[in-house]
Amino acid sequence: MGNSQADKAANHERIVRTASTLIRRDGIDGASVAELMAEAGLTHGGFYRHFDSRDELVAEAVESALAHGSNRTNAAAETGGSDALAAIIDSYLSRLHRDKPETGCAVAALPTDIIRSNPRAREAYSAQVRRYIDLLAGLTSDGDRDEAQLVLAALIGGLLLARAVDDRALSDEILASVANALHRALGSP
């Protein structure tokens, strides 16, 4: 590929997008720079033309993962009210979301990695958590932030448990049970 600024920008975006996918699937330490660059279709040597360090890439990839992983939740929220909240619960606690972490919510995919990550990645993660709390509070009947935080914790915790167990039936049961409990608690359809 040529050395123009447009080519460099396109390659940079491809690296970040690839890293965003890989870190949601495999965790922040799940792929080496060489593996990441190969997955992006570029050489390992080109990495430092785009980033000063692996930490810089991780921060950009986390920011990208958080932005892209929240698209489904944001789209569901647009309808507003209890129907939107019900749609978010059902989408978040779905088999598809469980089985495709690389395209899903980075807030659920990365919490243990973020704890040990660089400050920029932690800041981006914290900002996304705040956005989710605000979004969920706006969908509750009285804008209750405590309730929104409880919902977010149940969504993430339920999804993490469903991904972690090695028994598919138990995993499905966890998803369904947490979703049903949230629906009952919130009086959502």
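The values are calculated or read from the model by the stated rules, or taken from the named source; none is laboratory data. All values reported here derive from a predicted model rather than from experimental measurement. For neighbour counting, all protein chains shown are included, and Cβ atoms are generated from backbone atoms with ideal geometry for every residue, glycine included.
Please go through segment 99-114 and give me each residue that is over 17 Å from residue 63 (Cβ atoms) and in a helix (DSSP H, G or I), ordered by number. So that I can check it myself, show each step before the final result.
Our first condition is that a residue be over 17 Å from residue 63 (Cβ atoms); within segment 99-114, this holds for 99-101, 112.
Within segment 99-114, 99, 101, 112 qualify.
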Pairs returned, first residue in segment 126-141 that is in contact (Cβ under 8 Å) with a residue 24 or more places away in the chain, second residue that is hydroxyl-bearing (Ser, Thr, Tyr) and assigned to a helix (DSSP H, G or I), beta-carbon separation under 8 angstrom, 6 or more apart or interchain, are 132/73; 135/73; 139/82; 141/82
Screening 170, 152 for residues that are surrounded by 17 or more Cβ atoms within 10 Å (Cβ to Cβ) and in the same structural domain as residue 105 (by TED's automatic domain parsing) leaves only 152
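Answer yes or no: is there a residue in segment 6-24 that is surrounded by fewer than 13 Cβ atoms within 10 Å (Cβ to Cβ) and in contact (Cβ under 8 Å) with a residue 12 or more places away in the chain. Write out each step before concluding.
Our first condition is that a residue be surrounded by fewer than 13 Cβ atoms within 10 Å (Cβ to Cβ); within segment 6-24, this holds for 6-7, 9-10.
Adding the requirement that they be in contact (Cβ under 8 Å) with a residue 12 or more places away in the chain leaves none.
Scanning segment 6-24 turns up no residue that is surrounded by fewer than 13 Cβ atoms within 10 Å (Cβ to Cβ) and in contact (Cβ under 8 Å) with a residue 12 or more places away in the chain.
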Only one of (1) within 10 Å of the chain's Cα centre (by Cα); (2) closer than 27 Å to residue 177 by Cβ; (3) of a type outside the set (Val, Ile, Thr) does not apply to residue 65, and that is (2)
Residue 110 vs (1) exposed (fewer than 15 other Cβ atoms within 10 Å of the Cβ); (2) in contact (Cβ under 8 Å) with a residue 40 or more places away in the chain; (3) not charged (D, E, K, R): all pass except (1)
Residue check: is residue 43 among the hydroxyl-bearing types (Ser, Thr, Tyr) and under 16 Å from residue 109 (Cβ atoms)?
no
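Hey, among 141, 171, which residue is of a type outside the set (Phe, Trp, Tyr), touching a helix residue (DSSP H, G or I) at 6+ places or on another chain (Cβ under 8 Å) and not in a helix (DSSP H, G or I)? It would help to see each step written out before you state the result.
Values: 171 fails: not in a helix (DSSP H, G or I).
Step by step, each of 141, 171 is checked, and only 141 is of a type outside the set (Phe, Trp, Tyr), touching a helix residue (DSSP H, G or I) at 6+ places or on another chain (Cβ under 8 Å) and not in a helix (DSSP H, G or I).
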Note on residue 70: of the conditions (1) modelled with pLDDT of 90 or more; (2) closer than 25 Å to residue 161 by Cα; (3) in contact with a helix residue (DSSP H, G or I) (Cβ under 8 Å, 6 or more places away or on another chain); (4) hydroxyl-bearing (Ser, Thr, Tyr), unmet is (1)
Tell me yes or no: at least one residue of segment 145-165 is at pLDDT below 95 and not in a helix (DSSP H, G or I). no
Of (1) closer than 19 Å to residue 149 by Cα; (2) in contact (Cβ under 8 Å) with a residue 24 or more places away in the chain; (3) out of contact with any His (no Cβ under 9 Å at 6 or more places or on another chain); (4) surrounded by 14 or more Cβ atoms within 10 Å (Cβ to Cβ), residue 74 satisfies every one except (4)
